[in-house]
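The values are calculated or read from the model by the stated rules, or taken from the named source; none is laboratory data. Note that this is a predicted model, so its numbers are computed, not measured. Neighbour counts are summed over all protein chains in view; Cβ atoms, including those assigned to glycine, are modelled from backbone coordinates with ideal geometry. Ligands, DNA and RNA are stripped out before the accessible areas are found, and what is left, the full protein with its side chains, is counted by its heavy atoms. Shrake-Rupley method; radii C 1.70, N 1.55, O 1.52, S 1.80 Å.
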Amino acid sequence: MQISVINAGGESGSVEVPSGASCGDALKLGLSGKQLRAALAARVASAGGERLCDLSAPLPGDARSVAPVTADDPDGLALLRHSVSHIMAAAVQRLFPHARVTIGPSIDSGFYYDFDVERPFTVEDLPAIEEEMRRIAAEDVPFVRSEMKKADAVKLFESRGENYKAEIIGGIDADTVSLYRCGEFLDLCRGPHLPRTGLAKAFKLLSVAGAYWRGDEKNPMLSRIYGTAFGDEKALKAHLERLEEARRRDHRKLGRELDLFCFHEDVAPGMSFWLPRGMLLRTILEDFLRREHLKRGYEIVQGPQILRRELWEKSGHYDHYRANMYFTEIEGDVHGVKPMNCVGHMLIYNQHLHSYRELPMRLFELGVVHRHEKSGTLHGLLRVRQFTQDDAHILCAPEQLEEEIIGVMHLSADLMDLFGFSYRIFISTRPDDSIGSDEAWELATSALIKAVEKEGKPYQINEGDGAFYGPKIDIKVTDAIGREWQLSTIQVDFTLPERFNLEYVGQDGERHRPVMVHRAILGSLERFIGVLTEHYAGAFPTWLAPVQARILNVTDAQLDYAKKARERLAALGVRVEVDTRNEKLGFKVREAQLAKIPYILVVGDREVQDEGVNVRLRSGENAGFHTVEDAAAMIRADSEEPFKRGGMSYSFS
RNA sequence: GCCAGCUUAGCUCAGAUGGUAGAGCAACUGAUUCGUAAUCAGUAGGUCGUCAGUUCAAUUCUGACAGCUGGCUCCA
């Protein structure tokens, strides 16, 4: 038969393939040595669409084209990692014959495999397992696919004591299942896999962890080993360096080093203490947020921190969220500490009867909330028990919903651009367990989709991932080293307006129920500042830097001048301090650089003489002599620069 | 909450098969007055996470608890 072979460059050549040939045979006919050696599997296109096949698989009769899949291809990389997870399972079973296997998929950053073992693995076990994996790779044994009747496969795995595998197979909705043998290790698997273990060249085991069988905390805890694999050593090394870079940027470390925030876990687990510098940064951010919200038609409000239990019963939090709430008793009445701000905003809305002319009403609050998160989930500023949401509730008429969502998306986009994040949009639709009418869900979901589409933004749908009370848009940002964080969330809620009987009087004189949009852009100030710290590696842009400039006097002779220069710069709106210590200039420069201060202003006899400062930038570049006024103008211009694109403005005093 | 590992000076870490502990950096003091990433010397700093148990003796062994780290579950 005649098919086309597509090479790595996307060019295709037609070849005649004998009947009974494998996918690998077809590639051999059309590819050169180097490309052929890089092939991990084949992508076969036929009338029914494209699919990945083992190189050893027979070429389907209806195949039109075949292309090599390499580790440069996302599918190829996933396949490689999946195969390496099989190699790991094989190595584990050689070293720990009683270990029972469960599942071992590839993930974004590598792969894992979960085992049921008497004694959970520790990091000390990893080198031996990795060594055994290298041995299996060196043996260069083939991955051999076979098929079996489902019932036979269940029996086979049960007879081997592999009850987890038997359970998985029992749950598969098919008559036959495919198995892969790699040396003496046999595993249920859909495939495809590498042709031979020798193609696994660059891999590393990274960590161990506990993980519940099928992800359910009621199930037994399994022992998971995480690892990663790449097409070559260079890519693996680059990945390990990224992990190292992430450790260097860890906000918990930087927060301490830069004197931004700290924790006293023994007395306040999951609650942050804000040191003067961190609080200044946070205040600048809050100040900016308040102004920006006012400009965009929000009204700033604030509700109380604790409210009586009756209210939480009315809102539904007492039924659905009680486990995460803190309670206290006052004069015999149970009060709940707020885990969300919405209830307060409901009461604020209901303070008056509203006309349709007042809508949309946008209530904004930097709301401090407390949530009793499980102790094991706490993580620096990224997961805390007390945090401040940049929260707002928009109450609008149903026909205003789409426009309001667009407005929130604009705000989110402007802010993410300001901080230099790129982002992806996800729309989550109705979950199985939900409340509200079909019409309401339909209206809200289509409003979300229409809004995103009107903006021309690409998005993905997360089917069934919405909140029980309404669909939502989640925005995930990508930081400077490529990690994703979920910050903004935009949720439509039908429940609370109903429960709190919110109304407005329409043009027709009748009472109507407003729709509510619940949204947070940065998510929480704590998490956001944690993410920002890592994103900027502690080198905050000038507008956010708690200290924008530090004056360094060369000797004590310039001490008075340095202090005067500080006063003049401060009067011109620069956040500036002086390092008056009797240290060598080199030492003070080093410390200022390590403190990641944007501007270092050196004053020696020359600068005293010419009445200015010598400016050194955070990059290490020497920007030369400037008068104090020029230096101030330069720093202020640098502070305002990031705002130009979004039509926003900066002012803090 | 669950699994594993960990907890010694402000930070990073040594250390003793049970006889109450060190280093570097930071801090403080003094000398030095120096031009763009570390001047020198000295001083001080610890109930070895907490509470029990074993022991003549526990920071070291055992147990419980708390917290942290990596995951799981969850999540702003």
Given (1) open to solvent by 10 Å² or more (accessible area, probe 1.4 Å); (2) β-branched (Val, Ile, Thr); (3) at pLDDT 95 or above, index of the condition A:Ile551 fails
(1)
In segment A:288-303, what residues are assigned to a helix (DSSP H, G or I) and either open to solvent by 80 Å² or more (accessible area, probe 1.4 Å) or free of Cβ contacts under 8 Å to residues at least 12 places away in the same chain (or both)?
A:Arg290, A:Arg291, A:Leu294, A:Lys295
Residues that are open to solvent by 20 Å² or more (accessible area, probe 1.4 Å), at pLDDT 85 or above, in contact with a Pro (Cβ under 9 Å, 6 or more places away or on another chain) and among the hydrophobic types (A, V, I, L, M, F, W, C): does segment A:24-41 have at least one?
yes
For A:Ser639, the lone unmet condition from (1) over 12 Å from A:Thr542 (Cβ atoms); (2) of a type in the set (S, T, N, Q); (3) more than 10 Å from RNA strand B (Cβ to nearest atom) is (1)
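Yes/no matrix, rows are residues, columns are (1) over 30 Å from A:Arg282 (Cα atoms); (2) within 16 Å of RNA strand B (Cβ to nearest atom); (3) in a helix (DSSP H, G or I):
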site	(1), (2), (3)
A:Trp441	yes, no, yes
A:Ser446	yes, no, yes
A:Val452	yes, no, yes
A:Ile461	yes, no, no
A:Lys476	no, yes, no
A:Ser488	no, yes, no
A:Leu496	yes, yes, yes
A:Gly509	yes, no, no
A:Ile529	no, yes, yes
Checking the condition more than 17 Å from A:Tyr112 (Cα to Cα), buried (at least 18 other Cβ atoms within 10 Å of the Cβ) and more than 13 Å from RNA strand B (Cβ to nearest atom), which residue from A:Leu254, A:Leu199, A:Leu236 passes?
A:Leu199
Need pairs with beta-carbon distance below 6 Å; first residue acidic (Asp, Glu) and within segment A:187-203, second assigned to a strand (DSSP E or B); sequence gap 6+ or separate chains.
A:Asp187/A:Tyr180
A:Ile521 fails exactly one of the following numbered conditions: (1) closer than 30 Å to A:Arg357 by Cβ; (2) at pLDDT below 95; (3) within 12 Å of RNA strand B (Cβ to nearest atom). What is the number of that condition?
(2)
Please go through segment A:186-212 and give me each residue that is over 19 Å from A:Asp25 (Cβ atoms), in a loop (DSSP other than H, G, I, E, B) and not charged (D, E, K, R), ordered by number.
A:Cys189, A:Ala200
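Could you count how many residues in segment A:394-435 are assigned to a loop (DSSP other than H, G, I, E, B) and surrounded by 19 or more Cβ atoms within 10 Å (Cβ to Cβ)? Write out each step before concluding.
Here is the first cut: in segment A:394-435, the residues assigned to a loop (DSSP other than H, G, I, E, B) are A:397, A:420-421, A:429-435.
Subsequent filtering for residues that are surrounded by 19 or more Cβ atoms within 10 Å (Cβ to Cβ) retains A:421, A:430.
Going through segment A:394-435 one residue at a time, the tally reaches 2.
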Which pairs have Cβ atoms under 9 Å, sit 6 or more apart or on different chains, and link a residue in segment A:473-490 that is within 11 Å of A:Glu534 (Cα to Cα) to one that is within 11 Å of RNA strand B (Cβ to nearest atom) and hydrophobic (A, V, I, L, M, F, W, C)?
A:Asp479/A:Trp485; A:Asp479/A:Val531; A:Ile481/A:Ala246; A:Arg483/A:Ala246; A:Arg483/A:Val531
Would you be able to say whether some residue in segment A:480-490 is surrounded by 16 or more Cβ atoms within 10 Å (Cβ to Cβ) and under 26 Å from A:Ser355 (Cβ atoms)?
yes
Does A:Arg322 fit the bill of being of a type in the set (Lys, Arg) and modelled with pLDDT of 90 or more?
no
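For segment A:46-57, which residues satisfy the criterion of being in a strand (DSSP E or B) and either farther than 16 Å from A:Ala21 by Cβ or open to solvent by 50 Å² or more (accessible area, probe 1.4 Å) (or both)?
Step one: list which residues in segment A:46-57 are in a strand (DSSP E or B), which gives A:46, A:49-53.
Matches in segment A:46-57: A:Gly49, A:Glu50, A:Arg51, A:Leu52.
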Output the qualifying pairs, or none if there are none: Cβ atoms under 8 angstrom, residues six or more apart or on different chains, first residue in segment A:307-318 and of a type outside the set (Ser, Thr, Tyr), second residue open to solvent by 20 Å² or more (accessible area, probe 1.4 Å) and assigned to a strand (DSSP E or B).
A:Leu307/A:His335; A:Arg308/A:Asp333; A:Arg308/A:Val334; A:Arg308/A:His335; A:Arg309/A:Phe327; A:Arg309/A:Asp333; A:Arg309/A:Val334; A:Arg309/A:His335
Residues A:Arg645, A:Arg618: which one is open to solvent by 40 Å² or more (accessible area, probe 1.4 Å), on the phi < 0 side of the Ramachandran plot and within 12 Å of RNA strand B (Cβ to nearest atom)?
A:Arg618
Would you check if A:Val44 is closer than 28 Å to A:Lys201 by Cβ and either touching a residue at least 40 places away in the same chain (Cβ under 8 Å) or not small (Gly, Ala, Ser) (or both)?
yes
Can you confirm whether A:Lys454 is surrounded by fewer than 19 Cβ atoms within 10 Å (Cβ to Cβ) and more than 20 Å from the chain's Cα centre (by Cα)?
yes
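With under 20 Å from A:Asn622 (Cβ atoms) and either without any contact (Cβ under 8 Å) to a residue 40 or more places away in the chain or in contact with a Cys (Cβ under 7 Å, 6 or more places away or on another chain) (or both) as the only criterion, which of A:Arg566, A:Arg581, A:Arg511, A:Arg590 stands out?
Values: A:Arg566 fails: under 20 Å from A:Asn622 (Cβ atoms); A:Arg581 fails: under 20 Å from A:Asn622 (Cβ atoms); A:Arg511 fails: under 20 Å from A:Asn622 (Cβ atoms).
After ruling out the rest, the residue left standing is A:Arg590.
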Under the condition of being within 16 Å of RNA strand B (Cβ to nearest atom) and among the polar types (S, T, N, Q), which residue from segment A:75-120 is farthest from A:Gly191 (Cα to Cα)?
A:Ser109
Looking at the structure I just gave you, is A:Arg277 among the basic types (Lys, Arg) and either near RNA strand B (Cβ under 9 Å from one of its atoms) or surrounded by fewer than 17 Cβ atoms within 10 Å (Cβ to Cβ) (or both)?
no
Given the conditions (1) of a type in the set (Ser, Thr, Tyr); (2) open to solvent by 20 Å² or more (accessible area, probe 1.4 Å); (3) within 29 Å of A:Phe421 (Cβ to Cβ), and given that A:Ser639 satisfies all but one, which numbered condition is not satisfied?
(2)
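Quick grid of which residues meet (1) outside any loop (DSSP other than H, G, I, E, B); (2) modelled with pLDDT of 90 or more:
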position: A:Glu244; (1), (2): yes, no
position: A:Arg247; (1), (2): yes, no
position: A:Leu254; (1), (2): yes, yes
position: A:Ala268; (1), (2): no, no
position: A:Arg277; (1), (2): yes, yes
position: A:Thr283; (1), (2): yes, yes
State whether one or more residues within segment A:304-326 are touching a His at 6+ places or on another chain (Cβ under 9 Å), within 16 Å of RNA strand B (Cβ to nearest atom) and open to solvent by less than 60 Å² (accessible area, probe 1.4 Å).
yes
Inside segment A:375-411, can you point out the residues that are within 16 Å of RNA strand B (Cβ to nearest atom) and in contact with a Cys (Cβ under 7 Å, 6 or more places away or on another chain)?
A:His393
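I'm checking my understanding of the structure. Among residues of segment A:208-224 that are over 19 Å from A:Asp125 (Cβ atoms) and charged (D, E, K, R), which one is nearest to RNA strand B (Cβ to nearest atom)?
Here is the first cut: in segment A:208-224, the ones over 19 Å from A:Asp125 (Cβ atoms) are A:212-220.
Cutting the leftovers down to charged (D, E, K, R) gives us A:214, A:216-218.
Details: A:Arg214: 9, A:Asp216: 7, A:Glu217: 5, A:Lys218: 9 Å.
Among residues in segment A:208-224 that are over 19 Å from A:Asp125 (Cβ atoms) and charged (D, E, K, R), the one nearest to RNA strand B (Cβ to nearest atom) is A:Glu217.
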